[in-house]
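Structure first, then comments.
Just so it is clear, none of the values below were taken in a lab; they were calculated from the coordinates. Because the structure is predicted, anything quoted here is derived from the model rather than measured. Positions of Cβ are backbone-derived with ideal geometry, glycine not excepted, and every protein chain shown enters the neighbour counts.
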Amino acid sequence: MIKTEEQIRDRYEEWHGVGMDMGENMEMEISRGKCIDKGKDNDKGKDKGKRVLAAGCFDLLHYGHLRYLEEAKKLGGEGAELIVVVARDSTILSRKGRPPVMKEDHRRALVEALKPVDKAILGGEDFDTLTVIKEVKPDIIALGYDQDDLAELLAKQNLGVKIVKLGKYGEVSSSMIRKIIYSTNPVKQGPSVGQDPRP
């Protein structure tokens, strides 16, 4: 039975033909005479997951957003990496005619905290989608059910990237939530163009 660090090193070298580093990041499993280096890729035959890119405003995050991101990550297979582009405040203002309810940094942090998301980044100030795609280099772009304008833009480009349009998940949308919130305050029906109501 293997008991000491020296014996572990000797056994590892014997099995793998190289020495081993017993640093703090090394996890060893010693069981029934087996020595497994968990820091190495023991599933070399296994395909690495693909990188998936998703995007949105995520202004008033809700269940549909979570489901969209869960399904987007599934497109990449086992071991997929999901990177999410969160729209800038200026982009929402120019495209929707109103400022977002939540600031861009808050929306990005909330999205990145979701379980399926590996990384969330802010989009370009001028909605420069192609630059973001070139930087991220995704294998797959997952579009939401309401992103027809982005689908048309990407279809015109020769990106060499698989584009998948996902469905709607749940009955709630950010605009519905916003209407409910503003309906409780009939005097102020939400911010008008150019106003920023946020602290």
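Close amide H partners of ILE141, meaning residues 5 or more places away or on another chain with modelled amide H under 5 Å apart, are LEU53, LYS162, ILE163, VAL164. The equivalent ellipsoid of segment 51-183 has semi-axes of 22, 17, 14 Å, largest first, where each one is the square root of 5 times an eigenvalue of the Cα gyration tensor. Ranked by the mean number of other Cβ atoms within 10 Å of their residues, highest first, the peptides 89-101, 121-133, 156-168, 73-85 fall in the order 73-85, 89-101, 121-133, 156-168.
For segment 96-106, 3J(HN,Hα) computed residue by residue from phi via the Karplus equation (6.51, -1.76, 1.60; θ = phi - 60°) reads 10, x, 7, x, x, 5, 10, 5, 4, 5, 5 Hz, glycine and proline entered as x.
Highest average first, the peptides 53-60, 109-116 ordered by how many other beta carbon atoms sit within 10 Å of their residues are 53-60, 109-116.
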